[in-house]
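To start, the structure itself, in structure tokens.
The values are calculated or read from the model by the stated rules, or taken from the named source; none is laboratory data. None of these values were measured; they are calculated from a predicted model. Cβ placement follows ideal geometry from the backbone for every residue including glycine, while neighbour counts extend to all protein chains displayed.
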């Protein structure tokens, strides 16, 4: 149990360093400016470019996995139905 306090201390130090280092990157290196518009807002044509909501970038990877999972499940379902049909109809 002596490693647990050390691990908690390291995690706290990393969280604090992450907080301040990200603030430094935002202020000095990236020089983010809220007045500049993104290409999704500037080129919004209702077809290809859509401004995402606040959590749009966070949800995007999960949507990709959900679509892939749905495609795989759909293929499996089609294979099962094909096998069932072959059993019922005698392999036609």
I'd like to verify a number: residues in the stretch 34-74 that are assigned to a helix (DSSP H, G or I), surrounded by 10 or more Cβ atoms within 10 Å (Cβ to Cβ) and at pLDDT 75 or above, how many? 3
Just the residues that are over 27 Å from the mean Cα position of the chain (by Cα) and assigned to a loop (DSSP other than H, G, I, E, B), please, taken from the stretch 1-33. 1, 2
